[in-house]
Amino acid sequence: MGNLRLTPLLLCLSVMPGLAYRVGAAERASPGVDQATQRDYLRRYGELAEVVTQIELNAATPVDRDRLFDAAIRGMLAELDPYSTYLPSETFQQLQRLAEESRPTAGVEFAIEDGRLAVLGVRAGSAAEDAGLQPGERVVAINGRSTERMTLAQADELAAAGEVRLTLAGDPPGDSRTVLLESRRLTAPTVSGVRMVDPGIAYARIGSFNANTAGELRDALRKMRSEGAASLVLDLRFNPGGLLEAAVDVADLFLEQGEIVSVVGRNGEPRVLSAGDGQAAEGVAVVVLVNRYSASASEVVAAALQDHGRATLVGERTFGKGSVQSVIALDEGRSGMKLTTAAYRRPSGANIHRFADATESDVWGVSPIEQNTVALTADQARRLHAAWGRGERPNADPQLARAIEQLRVSSQAE
């Protein structure tokens, strides 16, 4: 066996002067950190530099340095949570150029369920909807690459390409299918299905939250009230979320005052977002439909209306995504990262986010009270979502039926 070329730590730091400089800058910028901690920073940064140098000098095959550092950054962020991720140059630049709702997208949102990659949500008017993707479907490969041990960030990055090929697990497993999705800019409204479902009872479904959602719902409320609606079923099922600001604006349509949500970070005071005085649904009785695929911004709306006694919830416990990601520029703006920096808290102060080690008995998500908990079977959920994708109304919807019953009872009691 040949002799390895060993490189002392001092050489490792001198090979990478930028890294050494940043260590020194970090040390000077943290006067409250004790000297032992500062020495540990230097030791660990030096160790990282030493690993890179050893790979470059002694690895059996040459490895690109950028690839090594990208992998190191991805690995560190993957240790934190499923939502923190590295944004390489092309992805970061695209993010900077385009607002979220105007970026081309395949229209599929992922989640990690039981350690496996699955579909969380499908955007209206997207290629994913056209292909009949269903929330809960397991994704076994993306562009031919197995999703085993794939992080959520990696899946999102692969799906952000102009064209993505998803292989979905079948039932039985041998019945897997592959779909090709092309990204497009989505123009479909986020509020749909607006209609009267019973005398005096209106219905509206929000598929996701963007900058137009509150305006669309306000217009729908105005139309429904002109047609004699005194009650509303607001359907947030299968809604994977969207813009926090849009969720706040939607909740504000139903609330006269009070906290809607607080954003609690590691540093600084909580940021409290409250209702104004612009109620568009004053006097309208509300039932909100939720299920296990209602996530993020939809949970903010459901929790705010429930905590203020403004709406009754019907359906199932929600998904439990209550974390906030900040986009941070790296390398003088050449790349960036999404870092989980805060969490949502509902007006009651309760937690929304379902952490990796959470159990069913822990506090997370948003739940209807027991008598209004109505679970759909997997087949019922598939049929419901498929009917929506075809622009049809499902033949049977026990959750909607329970919501209508709840509003009828409330109306008779007044």
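The one condition from (1) within 18 Å of SER262 (Cβ to Cβ); (2) at pLDDT 95 or above that ILE369 does not meet is (1).
GLU101 meets the conditions (1) of a type in the set (D, E, K, R); (2) closer than 17 Å to GLY336 by Cβ; (3) at pLDDT below 90 in every case but one. The failed one is (2).
The strands (runs of 3 or more DSSP E) falling completely within the stretch 165-262 that include 3 or more residues that are crowded, with 20+ Cβ neighbours inside 10 Å, modelled with pLDDT of 95 or more and not small (Gly, Ala, Ser) map to 201-206, 231-235.
Every residue in the stretch 143-164 that is under 19 Å from GLY115 (Cβ atoms) and either among the acidic types (Asp, Glu) or part of a loop (DSSP other than H, G, I, E, B) (or both), please. Listed by number, the residues that qualify are THR147, GLU148, ARG149, MET150, THR151, ASP156.
Exactly one of these conditions fails for GLN325: (1) surrounded by 20 or more Cβ atoms within 10 Å (Cβ to Cβ); (2) within 13 Å of the chain's Cα centre (by Cα). Give me its number. Going through (1) surrounded by 20 or more Cβ atoms within 10 Å (Cβ to Cβ); (2) within 13 Å of the chain's Cα centre (by Cα) one by one, GLN325 breaks only (1). Looking across the stretch 351-400, the residues that are of a type in the set (Val, Ile, Thr) and either surrounded by 15 or more Cβ atoms within 10 Å (Cβ to Cβ) or within 17 Å of ASN291 (Cα to Cα) (or both) come down to ILE352, VAL363, VAL366, ILE369, THR373, VAL374, THR377.
Just give me the residues in the stretch 272-291 being in contact (Cβ under 8 Å) with a residue 40 or more places away in the chain and either out of contact with any Leu (no Cβ under 9 Å at 6 or more places or on another chain) or of a type in the set (Gly, Ala, Ser) (or both), in sequence order. Listed by number, the residues that qualify are ALA280, ALA281, GLY283, ALA285. Taken over the stretch 114-125, the criterion of being part of a strand (DSSP E or B), in contact (Cβ under 8 Å) with a residue 24 or more places away in the chain and surrounded by fewer than 22 Cβ atoms within 10 Å (Cβ to Cβ) is satisfied by ARG116 alone. For GLU282, which of the numbered conditions (1) of a type outside the set (Ser, Thr, Tyr); (2) buried (at least 22 other Cβ atoms within 10 Å of the Cβ); (3) part of a loop (DSSP other than H, G, I, E, B) fails to hold? The failed condition is (2).
Residues considered: ARG67, ARG43. Of these, the only one that is part of a helix (DSSP H, G or I), over 30 Å from ILE112 (Cβ atoms) and at pLDDT 50 or above is ARG43.
Counting the residues of the stretch 46-64 that are surrounded by 12 or more Cβ atoms within 10 Å (Cβ to Cβ), polar (S, T, N, Q) and either out of contact with any helix residue (DSSP H, G or I) (no Cβ under 9 Å at 6 or more places or on another chain) or not in a helix (DSSP H, G or I) (or both) gives 1.
In this structure, HIS353 does satisfy being within 30 Å of VAL261 (Cβ to Cβ) and in contact with a Lys or Arg (Cβ under 7 Å, 6 or more places away or on another chain).
When restricted to residues that are surrounded by fewer than 20 Cβ atoms within 10 Å (Cβ to Cβ) and over 16 Å from the mean Cα position of the chain (by Cα), the stretch 336-350 contains 3.
Kindly evaluate GLN380 against the criterion of being at pLDDT below 95 and touching a Lys or Arg at 6+ places or on another chain (Cβ under 6 Å). It is false that GLN380 is at pLDDT below 95 and touching a Lys or Arg at 6+ places or on another chain (Cβ under 6 Å). Before we move on, is PRO31 closer than 27 Å to LEU158 by Cα, modelled with pLDDT under 90, not aromatic (Phe, Trp, Tyr) and not in a helix (DSSP H, G or I)? So PRO31 fails the test.
The values are calculated or read from the model by the stated rules, or taken from the named source; none is laboratory data. All values reported here derive from a predicted model rather than from experimental measurement. Please note: Cβ atoms are built from the backbone with ideal geometry, for glycine as well, and neighbour counts cover all protein chains shown.
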